[in-house]
Ligand code: NAP
């Protein structure tokens, strides 16, 4: 089973020990990144394994391999020797591992490591993609049989990531570490057991003065408790969410919390994807059971589906897909999630007699418009690109307009509720308001589908104007309940909802 390794990139030994203590209960191994230490501190590394009280990897990474060390090979070898010198009979006081690059050949160093039980991790880093020769390279890079081979590669596409899973299947006999760096490779860190990796690396979030040792590393607590990466086995169901850039999704928190609570052998993984076909190739490779689909792929996914629900066919947007081993089917749960959330805020069973404005005309707006129509409401659709507003509005005989002052008069009478469906106001442009010209009257119910931040600039302005406001978190949970049912054919445990809200700061 893969171990979890905490990368320590503090500037001092004392700082690293402090961080280690904070994360000790989540990890199995620590990696001392000597290249991140202040120069004076580098002379004190020999004592670190004893001070740490946990198996430690000694690593001095050069700049060309993604590290900070640029004092030349002579001084790097001398520092490595210092770390391995004066080995003690009690192996817990020695470094448990030393990371030596593929091209480093210093027999004295290797012999010293072996004599005192320090295992060698023989590594290479490739920031230019996934080379064609990796299987051969992994097989040939060991100097002696007991070395652990490691390849850390930067995929250019999700297709590259799929190849890494195939490489893992072809090298099952090797004791190895395989990692795809960067956002596209996050799944390889969580699914380290699927790759047969000896360990997976993690870096703390929220330790302001330390850097992530490598791009894409997750926080150790999330790896251990949220993703339960140690328990991922051959039979674990893999689910996830894909989108781009997929930076602010709360779905992994929702699903993994439920899996954990219900003791379901499943993990929900974020798959940031810059192309949908690459994602679907990876999905087949890792036997993904199902996925949530988010911005910008809700419409683009439809041609890849062999079966779609009536709602997906009606609105042309899908946010949930399921693979039955042969084909993909898709449903849309944003629809019910949205209407249940707004009906609950308005304390109603339908929208008859009410007039709404939808801001935006993308995938989410399609789900919103469908529900307003189904529940007998009337609607005005306003969008930056007016043609898109017109196309959506025509479908339901709604009114439409541009997102500008010219629409204000009409909006005045379509203001029982205003539903903001654009990404405007989310990270990084937290101060942005999609329609600053609109003066709130105070009588409107204002819903923003964004839930992170909790209150967008638009919602804050509505609240200050006396309106009833609601963000998209309630909708997110409500639609996730339908996804959960679709994925696993089980009912969502409603008693967990307060805990999810607390976690999300809602
Ligand atoms: P989408 O299909 O990409 O549509 C984006 C919409 O926003 C389009 O109408 C677009 O207008 C508009 N827009 C984008 N940037 C804009 C800007 N700078 N100024 C004005 N308008 C802008 O995205 P989506 O799938 O509909 O998702 C939209 C938002 O809803 C996202 O933030 C998503 O996270 C959120 N959402 C939340 C939930 C939930 O459960 N709470 C569910 C679904 C979606 P143009 O047509 O002019 O480009």
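Counting just the residues of segment 375-395 that are more than 13 Å from the ligand (Cβ to nearest atom) and surrounded by 16 or more Cβ atoms within 10 Å (Cβ to Cβ), which one comes out farthest from residue 437 (Cα to Cα)? So the residue we want is 375.
Determine which member of the set 364, 393, 389, 369 is in a helix (DSSP H, G or I), at pLDDT below 95 and outside the structural domain of residue 319 (by TED's automatic domain parsing). Spell out the reasoning first.
Numbers: 393 fails: at pLDDT below 95; 389 fails: at pLDDT below 95; 369 fails: at pLDDT below 95.
That would be 364, the only listed residue that is in a helix (DSSP H, G or I), at pLDDT below 95 and outside the structural domain of residue 319 (by TED's automatic domain parsing).
Give segment 275-300 a look and list any residue that's within 15 Å of the ligand (Cβ to nearest atom), over 12 Å from residue 251 (Cα atoms) and either in a loop (DSSP other than H, G, I, E, B) or not assigned by TED's automatic domain parsing to the domain that holds residue 326 (or both), or say none.
So in segment 275-300, the residues within 15 Å of the ligand (Cβ to nearest atom) come out as 276, 291-300.
From what's left, over 12 Å from residue 251 (Cα atoms): 276, 295-300.
Scanning segment 275-300 gives 295, 296, 297, 298, 299, 300.
When segment 468-483 is filtered for residues that are in contact with a strand residue (DSSP E or B) (Cβ under 6 Å, 6 or more places away or on another chain), surrounded by 21 or more Cβ atoms within 10 Å (Cβ to Cβ) and more than 18 Å from residue 425 (Cα to Cα), only 483 remains. Annotation note: of 85, 89, the sole residue that is touching a helix residue (DSSP H, G or I) at 6+ places or on another chain (Cβ under 9 Å) and over 24 Å from residue 201 (Cα atoms) is 85. Does residue 327 satisfy the condition of being at positive phi, more than 15 Å from the ligand (Cβ to nearest atom) and not assigned by TED's automatic domain parsing to the domain that holds residue 402? Judged against the criteria, residue 327 is not a match.
In segment 379-394, the residues that are more than 19 Å from residue 352 (Cα to Cα) reach residues that are within 10 Å of the ligand (Cβ to nearest atom) and in a helix (DSSP H, G or I) with C-beta atoms within less than 7 angstrom, at least six apart or across chains, in these pairs: 382/389; 383/389; 392/365; 392/366. Just so you know, in segment 411-429 the residues that are part of a loop (DSSP other than H, G, I, E, B) and either modelled with pLDDT of 95 or more or more than 35 Å from the chain's Cα centre (by Cα) (or both) include one that is surrounded by the fewest Cβ atoms within 10 Å (Cβ to Cβ), and it is 416.
Would you mind stating whether residue 404 is closer than 20 Å to residue 444 by Cβ, surrounded by fewer than 19 Cβ atoms within 10 Å (Cβ to Cβ) and within 11 Å of the ligand (Cβ to nearest atom)?
So residue 404 fits the description; yes.
Select, from 420, 506, 437, 454, the only residue that is under 30 Å from residue 263 (Cβ atoms) and either out of contact with any strand residue (DSSP E or B) (no Cβ under 8 Å at 6 or more places or on another chain) or within 15 Å of the ligand (Cβ to nearest atom) (or both).
On the way: 420 fails: under 30 Å from residue 263 (Cβ atoms); 437 fails: under 30 Å from residue 263 (Cβ atoms); 454 fails: under 30 Å from residue 263 (Cβ atoms).
Criteria check complete, one pass: 506.
The values are calculated or read from the model by the stated rules, or taken from the named source; none is laboratory data. Source: prediction; values computed, not measured. We place every Cβ from the backbone using ideal geometry, glycine too, and count neighbours over all the protein chains shown.
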